[in-house]
Amino acid sequence: MLAFIIRRLGQAVLVLLTVSLIAFALFRFVGDPTQQMVSQDTSVEERMQIRKDLGLNDAIPIQFLRFVTNAARFEFGISYQNKQPVAKLIAERFPATMELALASAVFALLVGMPMGVYTGLYPTSILSRLFQMISLIGISLPTFLIGILLIFTFSVALGWLPSFGRQGVVKLGSWTTSFLTIEGWRSLVMPAITLGLFQMTLIMRLVRSEMLEVLRTDYIRFARARGLKPSAIHFRHALKNTLIPVITITGLQLGSIIAFAIITETVFQWPGMGLMFLQAVQTVDIPIMSAYLLLVATLYVLINLAVDLLYSAVDPRIRISGKVA
Amino acid sequence: MQITPEDAKATSPSFNSAPSEASLAVRFFDSDLWYSFTRSWLTMLAAAITLLLILSAVFAPLIAPNDPLNLQTLNLMDGSKPPFWSQGGEWKFPLGTDQQGRCVYSSILYGMRISLIVGFFGVLLAATIGIGLGLVAGYYGGRVDAFIMRAADVQLTFPAILIALLIDGTTRALVGTAKSEALIFWVLVISIGLSFWVQYARTVRGSTMVERNKDYVHAARLIGLSKSTILFRHVLPNVMGPVMVIATINLALAVITEATLSFLGVGLPPTEPSLGTLIRIGNEFLFSGEWWVVIFPGVTLAVLVLAVNLLGDWLRDALNPKLQ
Amino acid sequence: MMKRTFALTAALLASTLLTSVSADAKSLRWARSQDATTLDPHSGNTGPNHVLMHNMYEPLVIRGFDGKLVGALATSWRVLPTDPTVWEFKLRPGVKFHNGAALTADDVVFSMERAKKPAADMKSLLVSVQSITKVDDMTVQMKTNGPNALLVNNLTNLAIMNKAWAEANNAADPQNLTQKVENGATLAAMGTGPYSLVSRQPDVSTVMKQFDGYWGKADIKNDFTEIVYRPIKENATRIAALLSGEVDFVQDLPPQDIQRLQTTDGITVSAGAENRSIFFGMNIGIPELRGSDVKGKNPFAELKVRQAVNMSINREAIQRVTMRGQSTPQGTIGTPFINGYTKEIDTWPKYDVAAAKALLAEAGYPNGFSVTLHCTNDRYVNDEGICQSAVSMLGQIGIKATLVAQSLRVHFPGIQKGEYDFYLLGWGIPTFDSHYVFNDLYRTKSPSAGTWNGTGYSNAALDAKIDGLNSEVDIAKRNATIADIWKEIQANNVYAPVHMQFIAYATRKGFTIPVDVENTPKMRFVVNSGS
């Protein structure tokens, strides 16, 4: 077990180092770290001095080390466009993205699971076909189209929900939340659904196929033979078996939800990191791009690691196969 | 079924149980695909629509009544015309025109063409990288395998959109916005290629590991065939079945990715519009009553992706013995 | 499991339906396409910055919605009869800053000197000012290099800050937008304006509340106690927010939505001309265009090519189709609002593809050439659309333009650094005088002039004439020089003017906001019908 944990930790660190290397290359070579310190009329000597002060003449490995240490202390330099520390900008927007990601993951689970169970149990019923159809549309309609459609329907035509922004925000220390007010929830509903639809589809299909598979296994057949009630078989035996992979996937998807939030945040003008990242790409704001890259990778690796460890604690077989692989 | 995080991630939205049995490839050619095809009218409809759309994209220059890419033929005075059946519409522009006088119908045909070409090249690149690395990893195993699979882990950290945005931003920073627009086609292709290869690599690796120990490979080795011959002549054909399934589903994803990037304003420019660009431009007119500028490209994109996905679904189900 | 989920969903839906849209009549929710780059009033000389500034700060004089000068912090101003190089301003008594401090001459002197500092973008408006002195607590004098009869026109966007506050809050120097990091005034404001800052998150929202101690409170004819200002970049999202009742005032209304919104119940649209011209600039100052297939020479250096470009642009079609009537075609950069404008100079060649082609051929480009056109996509009314139209018009005479549409945040520095071959720009004229056009767009680049001249155009004789305008007291003589300069630059065609843009505001029931010719609507002038 310990060996497994160490192995996994080692891999996580390795992945993070690789990503930091990319982020560093982006920051150091694609961007120009001196950009926010010099103007057009800064003399060559002054420029050289600034480069020296910033350590840009040091050996590259030393610079990389410095970059990583700074990153570990949440120092990512200063945004070219906003003239503010990147860490501060990210900190301001981090809660918005995290809450959106969380809400959409919960939505995807709460809606996707029952749909998956149902279609797994009654694969031929009309409702199942409808669910299947919905799931297909869910993966076929691009996120931005879904967002536009929702805004058009529920904000403009019906006037039920706010069309943009994050409202009803309450400050809790350095965190801001929109979970505590009705206004906040109202503004969260459509972005969360838009972002979660794809994951919902994923979960529904996963649960469905897991259910189909489990229902065919011998022990379910035995359970049937023993005369257990169908509901007991379905929920106590079959569903339980599908839960672990489903929760694993949802956990892992949280990482990509954060990245996909770029689209949703743009459509709904949601003040999160994704919107900021997109603006950074359009205005070539390298420090923000590099920091965002590192942040998303870190989040992903952490989630990955947590799921991994939890999972191996639950199912000892993984540890063994983990060694073999 | 064991789920490691990598496997879980590799599970594509519609591709849940990646078949890794060699028998599967055999099944691909032996199974009554045609039978299952003719059994489902939805699949047939999807195939018909896909074919129709692909053909009309391929032959866009022949079908389209106007050339939306040739700016010299645009006349501003034709701007914002409704579809032919509405008042003020004319046959010359069957689905109306946009603000610049560009024929919406022709733009859709050409836009779909660009979207499909980007998607096709992207998937091709992804498959090439993925199959190559998968074969190598599966055949050699050991450190090579471990390295490639860890690279896949790093890769999975970044969804396609993020990779594309990063590559796009980097190109802008390196060569300037003007030049990067000229390169945008390849930026999109490379982004898609780089973000979708992992699935192929995983699948091919799994199949190769199984094939590697089969008698025919041993026999091939015994008669002194080179490793590359064994890999490409003997192992590869046997893993092509699942690869085709992934490629089909990936094409749909690639088209969506391209559209999304163009919608976000970092894709193809309005003078060379893809479906996503058309939707982005059209979106500006959502509330002005000129619905045709956004609805038609939107519907086309949705129908195209839906049809390809339906085909992919059917292929997967038909090839997956467990679900039959 | 399933039941619980459904119950939860139902509860969620129910709560959604039950809460009505909060209709706080006292709050003005204001949306526009972009945010100010900073709150520091002297750092960025751009419209979006001034829009916010005018609600929290005040200059000595301001312009009403009609463009007429009105006293704000100054009650009267004059050129000293004894010395034509000295302007004297009498300050309004009883004015308080948001922190309660009283306005004195010290604050005015401090603010003007601050705006003259090298880091300040506003300095170009004060180039002619030599010194600012306090006469007594309520009187300030400004000495100019030579007589400057029009100085007061330059002061309408120069905000007066509280000196003590700025010094105590690390804001004594203006924030330099091209280099240093923020200062104490980037995210905070201490002025005398009708609203004080409550909170600001750049690119997300800025909240201001009514300032109880505002000197002109009695004259305010609306009952907004709070302003919530939100930038919404996407046109469709902005309109959706208006239609669904989440914003009360949309400042940047795309022309295509005007007609539909005019007929929408509960929404009022006002549209009118802005004191701003939109035009294309051609770079004549470089030996070879960067993005062209012509090597070794610069086609734009040839007058005939520039004339051909001018001739190829169908301004009437752009007005009618691209702008949907929301513009006036123009042949000058400079609107009828400004001193020096005449109908005679505002002419443009008739749209004529054949003649333009012939001109190109005469210049040695019978097959045209290729060029990169840089444009904004978030600054002017339908800017990207105008550029697309121009690309297809230029294509008809054989000039193959590749369009690069980008954010103003990338575009503007590029123009200032002279990085573009061919670009779109718009020019608003806050001084209402031709000199502002000449000095920034035509004069040779120097630290205090030619800042926005991205064409490389340089003419020493013309520069001398432009500089001479600063100190000319004789209005008739000055105007003669202005006319003279116009004649010369109009013949040169380094720019291809397109039109004067109209702007449109949409408001929800209860109040209307007339179009402000400078597009900096000042909320203190807004009247609501009291519904």
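Centre-to-centre separation between the Cα atoms of segment C:120-158 and those of segment B:191-255: 77 Å.
Counting only other chains, what is the mean number of Cβ atoms within 10 angstrom of the Cβ of each residue in peptide A:152-164? If you can, show how the numbers build up before the last one.
On the way: counts 6, 0, 2, 7, 10, 2, 1, 6, 6, 5, 7, 13, 11.
Counting Cβ atoms of other protein chains within 10 Å of each residue's Cβ and averaging gives 6.
Per residue, the convex hull around the alpha carbon atoms of segment A:157-274 comes to 156 Å³.
What does the helix-only formula give at 222 nm for chain A: each DSSP H stretch with n ≥ 4 adding -39500 (n - 2.57), the total divided by the residues, and the result rounded to the nearest 500 deg cm²/dmol? Intermediate values should be presented prior to the final figure.
Working: 12 runs with 226 residues, N = 325.
Computed ellipticity for chain A at 222 nm equals -23500 deg cm²/dmol.
Think of chain C as a dipole: +1 on every Lys or Arg Cβ, -1 on every Asp or Glu Cβ, centred on the Cα centre; then among C:T507, C:A189, C:A401, C:T507 lies furthest on the positive end. Annotation: lysines with alpha-carbon distance below 23 angstrom to A:K229 (same-chain offsets under eight excluded): A:K240, C:K3.
How do the peptides A:246-258, C:232-244, C:158-170 rank, highest first, by the average count of neighbouring beta carbon atoms within 10 Å per residue? Don't skip to the answer; put the middle values down first.
Working: A:246-258: 22.5, C:232-244: 24.5, C:158-170: 20.5.
Final packing ranking: C:232-244, A:246-258, C:158-170.
One-quarter of the Cα convex hull surface for segment C:257-314, in nm²?
Working: hull surface 27.8 nm².
Quarter of the Cα hull surface area: 6.9 nm².
Sorted from longest to shortest, the spans of the Cα atoms of chain B along the three principal axes equal 74, 52, 35 Å.
By DSSP, the beta bridges lying fully in the protein assembly as shown are antiparallel in about 80 percent of cases. Distances between every pair of Cα atoms in segment B:70-135, grouped in 10 Å steps from 0 to the bin holding the largest one, split as 21, 32, 18, 14, 11, 4, 0 percent.
Counted over chain C, the DSSP beta bridges are approximately 75% antiparallel. Put the Cα centre of segment B:104-128 next to the Cα centre of segment C:309-329 and the gap is 34 Å.
If neighbour count is taken as other Cβ atoms inside 10 Å, put C:E113, B:E90 in order from fewest to most. Please list the in-between numbers first.
Values: C:E113 16, B:E90 13.
Ranked by crowding around the Cβ, least crowded first: B:E90, C:E113.
In whole percent, what relative contact order does chain C give with Cα contacts below 8 Å and a gap of six or more residues? If you can, show how the numbers build up before the last one.
Values: 1137 pairs, mean separation 104.3, N = 531.
For chain C, the relative contact order is 20 percent.
Between C:L80 and A:S174, what is the label-point separation in nm under the 7 Å Cα-to-beta-carbon projection? Taking the two extended label points, one gets 5.6 nm. In plain terms, the residue of A:S312, B:S274, C:S389 with the fewest other Cβ atoms within 10 Å comes first and the most crowded comes last, giving A:S312, C:S389, B:S274. Per residue of chain C, the DSSP helices (runs of n ≥ 4 H) give a summed -39500 (n - 2.57) that works out to -7500 deg cm²/dmol at 222 nm.
Ignoring lysines fewer than eight residues from B:K92 along the same chain, the ones with Cα atoms less than 19 angstrom from its Cα are B:K81. Computed over the alpha-carbon pairs of segment B:170-324, the distance histogram in 5 Å steps reads 2, 8, 13, 14, 13, 12, 11, 9, 7, 5, 3, 2, 1, 0, 0 percent, short to long. Peptide C:224-232 has a mean shielding of 1, counted as Cβ atoms of other protein chains within 10 Å of each residue's Cβ.
Do you know the relative contact order of segment C:137-253, to the nearest whole percent, from alpha carbon pairs under 8 angstrom that are 6+ apart?
Values: 99 pairs, mean separation 16.1, N = 117.
Taking the mean separation of contacting Cα pairs over the length of segment C:137-253, I get 14 percent.
Simple rule: put +1 on each Lys or Arg Cβ and -1 on each Asp or Glu Cβ in chain C, find the dipole, and look at C:A483, C:S392, C:A464; the Cα lying farthest toward the positive end is C:S392. The calculated pair-distance distribution of segment C:66-183 uses every alpha carbon pair, bins of 10 angstrom beginning at 0, and gives 13, 43, 34, 9, 0 percent. Setting aside same-chain residues fewer than 8 positions from A:K83, which lysines have a Cα under 25 Å from its Cα? List returned: A:K52, A:K171, C:K116, C:K117, C:K123, C:K163, C:K180, C:K233, C:K417. Averaging 1/r over every pair of different alpha carbons in the protein assembly as shown and inverting the result gives a Kirkwood radius of 32.5 Å.
Can you pull the percent of Cα pairs in segment B:278-322 with separation above 14 Å? Beyond 14 Å sits 60 percent of the P(r) for segment B:278-322.
Rounded to two decimals, what ratio of Rg to Rh does segment C:320-368 give with C-alpha atoms and a Kirkwood Rh?
Details: Rg = 15.1 Å, Rh = 13.4 Å.
Over the Cα atoms of segment C:320-368, Rg/Rh equals 1.13.
Taken over segment C:116-249, the convex hull of the Cα atoms encloses 178 Å³ per residue. Take the convex hull of the alpha carbons in segment C:182-225; its mean projected area over all directions comes to 3.6 nm². Over the alpha-carbon set of chain A, divide Rg by the Kirkwood Rh and report the Rg/Rh ratio to two decimals. Radius of gyration over Kirkwood radius for chain A works out to 1.06. Calculate the tail of P(r) for segment C:191-338: the fraction of all Cα-Cα distances greater than 25 Å, expressed in %. Result for the distance tail: 58 percent.
When N counts the residues of segment C:205-251, how does its alpha-carbon radius of gyration compare numerically with 2.2 N^0.38 Å, as a ratio? Could you put the intermediate results ahead of the total?
On the way: Rg = 13.6 Å, N = 47, 2.2 N^0.38 = 9.5 Å.
Normalised Rg, Cα atoms only: 1.43.
Rounded, prolate or oblate: which fits chain C, taking a ≥ b ≥ c as square roots of the Cα gyration tensor eigenvalues, rounded meaning a/c under 1.5, else prolate when a/b beats b/c?
Values: a/c = 1.92, a/b = 1.14, b/c = 1.68.
Verdict is oblate for chain C.
Just so you know, all these numbers are worked out from the coordinates, no wet-lab data involved. None of the values given here were measured: they were computed from a predicted structure. Glycine also receives a Cβ, built like all others from the backbone with ideal geometry; neighbour counts cover every protein chain displayed.
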